[in-house]
1. Just going by the charge dipole of the chain, with Lys and Arg at +1 and Asp and Glu at -1 on Cβ, which of 242, 392, 341 is farthest out on the positive end?
2. Through the Karplus equation 6.51 cos²θ - 1.76 cosθ + 1.60, θ set to phi - 60°, convert the phi angles of the range 429-436 into ³J(HN,Hα) values in whole Hz; use x for Gly and Pro.
3. Applying a 10 Å radius around every beta-carbon, put 102-108, 122-128 in order of their mean neighbour count, most first.
4. Using modelled amide H (1.01 Å from N, peptide plane; none on Pro or chain starts), what sits under 5 Å from the amide H of residue 408, excluding residues fewer than 5 places away?
5. Just the number, please: Stokes-Einstein D of the range 250-343 in µm²/s, Kirkwood Rh from C-alpha pairs, 4 °C, 1.567 mPa s.
6. In whole Hz, with x marking every Gly and Pro, tabulate ³J(HN,Hα) for the range 262-273 from phi via Karplus 6.51 cos²θ - 1.76 cosθ + 1.60, θ = phi - 60°.
7. Against the globular-protein guess of 2.2 N^0.38 Å, express the Cα radius of gyration of the range 93-215 as a ratio, rounded to two decimals.
8. With the convex hull built on the Cα atoms of the range 50-115, state its orientation-averaged projected area in nm².
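No value in this document is a laboratory result; all are computed from the given coordinates. All values derive from a computational prediction rather than experimental measurement. Methodologically, a virtual Cβ is constructed for each residue, glycine included, from the backbone with ideal geometry; neighbour enumeration extends over all protein chains shown.
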Amino acid sequence: MTTFRVERFEFARELIVRLPEQDRRYANWPVVYILDGEEKVYVGESLNVVARLRQHLESPSKAALDRTMVVLDRTFNKSVCLDLESYLIRLLSGDGRYQVLNGNEGITDADYYGRDAYRETFEEIFEALRGSDVFTRSRRDIVNDDLFKLSPFKALTPDQATAVEDILDGLFEDLRTGSSSRIVIQGEPGTGKTVVAIYLMKLLSDIVAANVRPPVDEIAGDSPLSEFFLEGYRDLVEGFRFGLVVPQQSLRTSIKRVFKQTPGLDANMVLTPFQVGASKEGFDLLIVDETHRLKQRANQSSGIRNRQFGDINRALFGTDDPELTQLDWVEQQSTHQLFLVDAAQAVRPADLPLRAIETLTRDAELQDRRYPLTSQMRVGAGSDYVSYVRSVLSPNPPVPRQFDGYDLRHFEDLGAMRAAIRQRDDEVGLARLVAGYAWPWRSRIDKTAYDLEFDGVQLRWNSAEVDWVNSPNAPDEVGSIHTIQGYDLNYAGVIVGNDLRFDPITRRLRFDRSEYFDTKGMENNRKRNLTYSDDDVLTFVRNIYAVLLTRGMLGTYIYVCDPPLRAYLKQFFR
């Protein structure tokens, strides 16, 4: 039985002060409320909503808000309201209609008695608010969108929350003493490295802004992060210049979209490594996502980039030393750095050398500034599945096992897997086919051509290079590693091409150069006189398939082209 009701009225003093006459719970009961205007929204919870709304009337940041909605429920308590507040903030940030005025330091995900039952009520409240035009899309559409997945309004896992608090403690101590910072967050796919980066960008932005407009009543006092908004901390970041470096174009574009939608953040804060290197002004802090995808001195994507790489090296260091990398640019251009790293996700020879990542991680460890993330946020099978996949593709495979509750299937027919992925997409959305770069990209020039043709199925590579996952044609196409790295799917249908084969005599995986069509994926490095053997490239190809096989949150479907490899992998993926 529904126990809640949503009251709607103008955000006006004369109405608010008379609310207790209608219902005493307006002055003495835990409630959740929403203030919205044409473009902005604020969500809060309070035991005395009348007093709280009167405070908001005095706030300049709420001047453009003109409507109030209060969710009243006789069964609510403080824990329920904190949970509902966070739930609505997350969904509003993902819906995209409004800019959410809340900070993110108070977003919670705490358990409490009866939470499962209350979560069902939350769904009903969402639909009631959607009927009042607070939300414009269904919950399914919202949670599948990058605005939601990459939102800074996330409830952090315990290891993420510990890392954020420790990072800020260390950063502010370094700011006090004038020391530099080199911090590393290390984690496998799905542990939320990008989430932490975006969360920190929003949190720091709000701390910096608090110097201009002290928060007074805006900060959640029971949050362990609220102390960083006090004068002793925020004074240290006055005029602080910071940015988020994202090497991958597709992911960078998606994050820019999120920053554009979030008050306090700006799309211009999301940078390419080349923008960092060419900047005439230094940074106080640079946060580098996917650090393993920074580039070394090699043949870049274009002649312009090759010239620019050399120009930046000479401008920053006085020489175009081939040993200099984009990591050196970041360190030269900033006082403090935070690197998010997973060395096993390097997928091209031009990516940052493994030894550079190992040195970076070792130095952070020695300075007690390395923070491992272990909680699996993406794959429903848990962190064991990620380690399992990497072991399967290694020279030392694991004992075959199953993952209860995770939809893991091996297909003998591509058409059957394609049909299953389409069905999952109809059911829950965000189910996509992805593949290793084992077919030439003919359709890039000839739009009528097909790229993958076998088992009676004709498919094309991704027609969009940026945000392909959410593009209109994506359900009928195949995404490459360069469109999917850093993204979540509900279901991934992984096509393992003939670039990866299995030798039944040596019982080892091998790389087939004749079946690999990413020219940058096996290109020798003439700048540094490096030649990449088949075994060298095999490391990158293994990494590629490990990434593809760990994209699906709810399930992973697998089709293998090479018959011996199909037989070998079938024992591990059933």
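1. Result: 392, furthest along the dipole toward the positive end.
2. Values per residue, Gly and Pro as x: x, 6, 10, 9, 8, 9, 8, x Hz.
3. Values: 102-108: 23.0, 122-128: 15.9.
Averaged packing, sorted descending, gives the order 102-108, 122-128.
4. Here the answer is 556, since their amide H atoms fall under 5 Å of that of residue 408.
5. On the way: Rh = 14.1 Å.
The estimated diffusion coefficient comes to 92 µm²/s.
6. Once θ is set to phi - 60°, the couplings for the range 262-273 become 10, x, x, 10, 9, 4, 6, 7, 9, 10, 8, x Hz.
7. Working: Rg = 17.3 Å, N = 123, 2.2 N^0.38 = 13.7 Å.
So the range 93-215 has a normalised radius of gyration of 1.27.
8. Working: hull surface 22.2 nm².
Quarter of the Cα hull surface area: 5.6 nm².
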